[in-house]
Amino acid sequence: MDVGFKPQAAHLLTDSRQVSFPEQSIFFAIQGEHHDGHAFLQDLYQMGVREFVVEEAAWTDARKAETVHWTDAKIWVVPSAIRAMQKLVAEKRRTFNIPVLGIAGSNGKTIVKEWLVQLMSPGQRIVASPKSYNSQIGVPLSVWNMGKEHTLGIFEAGISKAHEMEYLQPVMQPTVGIFTNIGPAHDDGFRSRKQKITEKLRLFTKVKKLIYRKDYKDIDEEISLILRPVNPFLETITWGTTKSGAAIQVAFQILKDKTIISLKGKSGNFSFETGFRDEASLENLTHCIVFMLDFGVNAAQIQERILSLKPVSMRLELKEGINHCYLIDDAYNNDMQGLSMALNFLSQQEQRQKKAIILSDVLQTGQTPAELYNLVSKLLTEKSINRLIGIGPQISSQAQLFDIPEQQFFPDTDAFLKEFAFNTLTDSLVLVKGARPFSFEKIVHRIQQKAHGTVLEINLDALVHNLNFYRAKISSGPGHQNTKIMAMVKAFAYGSGSSEVASLLQFHRVDYLGVAYADEGVALRQNGITLPIMVMNATVPAFDLLWEHQLEPEIYSRRILTDWVDYIRKKNDPENTPLVHIKLDTGMHRLGFVKDDYDWLIGQLRENPSIKVASIFSHLVGADEGVHNAFSKNQYEQFMEGATLLEEILGYTTIKHILNSAGIVRFPEYHLDMVRLGIGLYGVEATGQEQYALQSVGTLKTIVSQIKYLASGETVGYSRSGHVSHDSAIATLAIGYADGYDRGLGNGIGQVSVNGTLCPTIGNVCMDMTMIDVTGANVEEGDEVVVFGKEMPITDLARRIQTIPYEILTGIGDRVKRVFYKE
Ligand SMILES: *Cc1c(COP(=O)(O)O)cnc(C)c1O
């Protein structure tokens, strides 16, 4: 197999926004459903990238012309950039002769991988997939890191449709496999569950050994039927808890304070203790144990190491910190790749100018400290870090390699906590990045703002997923491949946190933001948002703010237009006059010019060419419901008529837009030049038709403050409205109507999820607290409770009190801390 090109670069780059070492990177321009890497070739060249792989189909004459003067660059033109990258990595992989474990299956891949990295680290130098890098792009990026120093590779592979695994097998070339399990879920990408199994098995066509759980009958069957014939010398290592005929008989004995896992097989009988008790963790752990026994790790060492295993949390969290700081909590591991990913996340955040990092020794590399910290130093400088706090003997010993404006070093975490002047850490974005042995969670605990128990967790990956869902919708609309997106971030981004959400949307290149009031726009500007922003309710007293921050008002009435004309005439600075957006009222009867205003409006626009119109728009009243289709069509026609008329007078075309989230789904023919995306971003598909395609973004959580046992006949809460009809366990939650838990949800109308059990409210909701009936649920004081989220959909909650999810989201109180995370 000949790749056809020999790059010089040491780093593979597939995302133009994640450049760390441009001169040493080769960029693969990938064309995706929502994204075209070719659009960023110029930017990357400017940054210093000199090697490019582009796709034939996208390599147009215009693009060629743009790059003719790049005499110092190399450009390879291939049919598919992803395939070219995979081949390049496959070729590199073939030059290594170390054991490589490949992990496939529906659930647990990342946990088994992360645990085995922890468990096998003593004695092995491991190269592994970072986070859950298991895709067509993630696998090659992971395997590319393999170096001479490594003694073991551990990678995961995930596929979403047929034929994908065929490409990943040669890239990874696993010598050993673990098939974790198979989920019951029906996947769009596969005809059947059986096909899902056989496709995943393609990762193992060349492994020598395969570990799997024989309790899964259909996996076992497909291995005999499909895998064996193509891999006849395969050695299977099977385990099982039932009488499945597995080679290793496993039993889980769950005791009060521990679980005993016992294994009985040809090579002996073993038993291990662990603190885990849930079925999924026990299954994952048994896969790890079976792998380690086969690898030759002795039982005493296995026991010692599994006792220090912790649940895997790979979330990268963004939280509010002390002294007006923001905190990125990544206190989980610290290798070069993890560090580089966390720094990329840090540099995407616009909330604070100053960037600080608290960094432990970097673990798991085969380089000398000088080589390693030289690289770390370059990376920190490249990402414009203003302050470095290094913790650990190794990083301290290499202090002279760093050239950060402010830097300090401490031998260990306790010394830092004792000696550091915390009042000097102000107004910064602080990345806390430490390897597990450094216990950086103590540092996070010290510098994060304390929550009162109720938090709204925002899943940033889900938000991006939802954005991409709507992107795919608009790019498939008839004739409007270039439809722009205005993301509505009014009302604190529907309760989710404006600057954090806006920052993410800016990074993912939406075209416009929409807010309700000037103040909201100003707050975004103060947090580093540079996207154009439309302000819907602009008023005369706010004009100075609009001007100063370049915010673009919606012009909706004769009065506001007259005021604006007066204002900009006084300013007399056409260069700096903000653009405006003209709103037509086609039936909503809220804001906007009606037909009778058009003549007047046209006169004004003629007389005042200094009014620069960015867009003309209207709003549908019933985009979500079929009964209003005729009305919607009429609104659209009125709108187009009005907009065409105005454009004729203006003498230039403007951006025309009429759809909100529901409209995007229901009216592809009205996508026009832009759409205004609101609630859908936050995970609610307003028509209900495609709710399954969105991911829930916000999870509102609180905690159990106290549990009481009440006898039949007693009452709970104000006005004695909660009647205990049989002996009950009643829990008090740290959330009330002041936090946005509607008073209408009291007296059994609302339910919350407590460790998987739905429990009804009892009695009236109080200002700061709510009582629930937890009789029969498995719950202790201090436990976490989900108020809404996956377990309790917000649409369901809204329905119970005859409202809409918009109201619940925007009603969540200010005192509820928002925590942002990435998986
Ligand atoms: C809020 C708003 C939107 C977004 O509506 P969703 O239903 O949340 O998508 C669009 N246009 C206007 C004018 C809005 O005020």
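The values are calculated or read from the model by the stated rules, or taken from the named source; none is laboratory data. Every value quoted in this text rests on a predicted model; they were computed, and no experiment measured them. Virtual Cβ from ideal backbone geometry, glycine too; neighbours counted across all protein chains shown. We work out accessible area using only protein heavy atoms, side chains counted, and drop any ligands, DNA or RNA first. Shrake-Rupley method; radii C 1.70, N 1.55, O 1.52, S 1.80 Å.
How many residues are within 19 Å of Lys354 (Cβ to Cβ) and free of Cβ contacts under 8 Å to residues at least 40 places away in the same chain if we restrict to the stretch 417-445?
At the first step, the residues of the stretch 417-445 found to be within 19 Å of Lys354 (Cβ to Cβ) are 420-433, 443-444.
Okay, now just the ones that are also free of Cβ contacts under 8 Å to residues at least 40 places away in the same chain, so 420-421, 424.
Of the residues in that region, 3 qualify.
Scanning the stretch 755-768 for residues that are over 10 Å from Ala731 (Cα atoms) and either in contact with a Leu (Cβ under 8 Å, 6 or more places away or on another chain) or touching a residue at least 40 places away in the same chain (Cβ under 8 Å) (or both) yields Gly763, Asn764, Val765, Cys766. Taken residue by residue, the stretch 169-184 has no member that is open to solvent by 60 Å² or more (accessible area, probe 1.4 Å), at pLDDT 95 or above and part of a loop (DSSP other than H, G, I, E, B).
Quick check, is Leu605 in contact (Cβ under 8 Å) with a residue 12 or more places away in the chain and crowded, with 21+ Cβ neighbours inside 10 Å? Here the answer is no, as Leu605 does not meet what is asked. Of the set (1) in contact with a strand residue (DSSP E or B) (Cβ under 9 Å, 6 or more places away or on another chain); (2) within 30 Å of Lys822 (Cα to Cα), all apply to Gly756 but (1). Screening the stretch 342-387 for residues that are open to solvent by 10 Å² or more (accessible area, probe 1.4 Å) and of a type in the set (Val, Ile, Thr) and picking the one that is nearest to the chain's Cα centre (by Cα) gives Thr381. For Ala798, the conditions (1) touching a residue at least 12 places away in the same chain (Cβ under 8 Å); (2) part of a helix (DSSP H, G or I) are fulfilled apart from (1).
Within the stretch 521-549, being open to solvent by 50 Å² or more (accessible area, probe 1.4 Å) and out of contact with any Leu (no Cβ under 9 Å at 6 or more places or on another chain) holds for Gln526, Thr530, Thr539, Val540, Pro541, Asp544, Glu548. Residues in the stretch 77-87 that are buried (at least 20 other Cβ atoms within 10 Å of the Cβ) and out of contact with any strand residue (DSSP E or B) (no Cβ under 8 Å at 6 or more places or on another chain): Gln86, Lys87.
Within the stretch 685-709, residues that are closer than 30 Å to Glu781 by Cβ reach partners that are away from the ligand (no atom under 14 Å from the Cβ) and among the aromatic types (Phe, Trp, Tyr) with beta carbons closer than 9 Å, at six or more positions or on different chains, in the pairs Ser696/Phe788; Gly698/Phe788; Thr699/Phe788; Leu700/Tyr741; Leu700/Phe788; Thr702/Tyr741.
Looking only at residues of the stretch 232-277 that are under 13 Å from Leu293 (Cβ atoms) and of a type in the set (Lys, Arg), we find that the one that is surrounded by the fewest Cβ atoms within 10 Å (Cβ to Cβ) is Lys266.
Being modelled with pLDDT of 95 or more and of a type in the set (Lys, Arg) holds for only one residue in Arg815, Arg800, and it is Arg800. Set side by side, the residues Asp329, Asp294 differ, and just one is assigned by TED's automatic domain parsing to the domain that holds Lys383, not β-branched (Val, Ile, Thr) and not in a loop (DSSP other than H, G, I, E, B), which is Asp329. If you go through the stretch 470-490 and pick out every residue that is assigned to a helix (DSSP H, G or I) and modelled with pLDDT of 95 or more, you end up with 2.
Taking strands (runs of 3 or more DSSP E) as the structural unit, those lying wholly within the stretch 643-728 and holding at least 1 residues that are away from the ligand (no atom under 15 Å from the Cβ) and crowded, with 19+ Cβ neighbours inside 10 Å correspond to 698-710.
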